[in-house]
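The next block holds one structure in the form of structure tokens; read it before the comments.
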Amino acid sequence: DPAIAEGRMPEIIPDHGKIIHMYLVKDDMSVLSHIHPSRNIENKHVFDVLMPPIPEGNYFVYMDITYETGMTETVLTPIEYKSKIESIENGNVPIRDPDDSWTHAKMQHKIIWLNRKDEYQPEEEINLEFQAFNFKKVPTKLEPYIQMGGHGALISPDNNVFIHFHPIGTI
């Protein structure tokens, strides 16, 4: 956004340790990536990310950003991802953030929504209960991820709603 570069908008700051939380969701919902771009060394208004090993296709990119005022924003853009490796002009390849994660339909672990209903009413409080299983359908023990017991993303079928949330709440 030129307004940030021109000083007309507040600076972007980290939210639980990450400057940007970026989600890539394949248009058929078969692939989900939660990755974390970092500031470019030469231009602080540019962010670089090493893409995960995901298939080519059409994706929705959601980027959660937090401004120093405390305001948060989710930026959405559709992309056509082609996994062909392209050279970077300055020769610097982004380093993968150790907290980057991704999943796809053929993964060995699955998460099942235990208390899912077919329909919810407006204003209804929804408790989300999940269980993770391995490929043998044995419950999996989960570990904290980026200092939290979990991360979730709620996406509407038309992609007009995206909410990144956590079991202890969302800042």
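Scan the stretch 85-114 for residues that are modelled with pLDDT of 75 or more, closer than 25 Å to ALA5 by Cβ and acidic (Asp, Glu) and jot them down.
Scanning the stretch 85-114 gives a single hit, ASP97.
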Quiz item: Which condition number does LYS82 fail, the rest of (1) at pLDDT below 80; (2) more than 29 Å from GLY17 (Cβ to Cβ) being met?
Solution: (1)
Quiz item: Which residue pairs have Cβ atoms closer than 9 Å, lie 6 or more positions apart in sequence or on different chains, and pair a first residue in the stretch 87-99 that is closer than 18 Å to ILE20 by Cβ with a second residue that is at pLDDT below 60 and open to solvent by less than 100 Å² (accessible area, probe 1.4 Å)?
Solution: PRO94/ILE88
Quiz item: Within the stretch 44-54, is even one residue modelled with pLDDT of 85 or more and open to solvent by less than 30 Å² (accessible area, probe 1.4 Å)?
Solution: yes
Quiz item: Out of (1) of a type outside the set (Val, Ile, Thr); (2) farther than 21 Å from HIS21 by Cα; (3) open to solvent by 70 Å² or more (accessible area, probe 1.4 Å); (4) at pLDDT below 85, what's the single condition that is false for LEU154?
Solution: (2)
Quiz prompt | Positions within the stretch 63-76 being open to solvent by 60 Å² or more (accessible area, probe 1.4 Å) and in contact with a strand residue (DSSP E or B) (Cβ under 7 Å, 6 or more places away or on another chain), in sequence order | solution = GLU68, THR72, GLU73, THR74, LEU76
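Check ILE41, ILE13, ILE79, ILE35 and return the single one that is among the aliphatic types (A, V, I, L, M) and open to solvent by less than 40 Å² (accessible area, probe 1.4 Å). Break it down stepwise before answering.
Working: ILE41 fails: open to solvent by less than 40 Å² (accessible area, probe 1.4 Å); ILE13 fails: open to solvent by less than 40 Å² (accessible area, probe 1.4 Å); ILE79 fails: open to solvent by less than 40 Å² (accessible area, probe 1.4 Å).
When all the criteria are applied, what remains is ILE35.
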Quiz prompt | Lone unmet requirement of (1) open to solvent by less than 50 Å² (accessible area, probe 1.4 Å); (2) aromatic (Phe, Trp, Tyr); (3) modelled with pLDDT under 85; (4) over 17 Å from MET22 (Cα atoms) for PHE133 | solution = (3)
Quiz item: Residue check, PHE60 against (1) open to solvent by 20 Å² or more (accessible area, probe 1.4 Å); (2) within 21 Å of VAL93 (Cα to Cα); (3) under 12 Å from the mean Cα position of the chain (by Cα), all met but one. Which one?
Solution: (2)
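The values are calculated or read from the model by the stated rules, or taken from the named source; none is laboratory data. Fair warning: this is a prediction, and the values are worked out from it, not measured in the lab. A quick note on method: Cβ atoms are made from the backbone with ideal geometry, for glycine too, and the neighbour counts reach across all protein chains shown. To get the accessible areas, we keep the full protein, side chains included, count just its heavy atoms, and leave off ligands, DNA and RNA. Shrake-Rupley method; radii C 1.70, N 1.55, O 1.52, S 1.80 Å.
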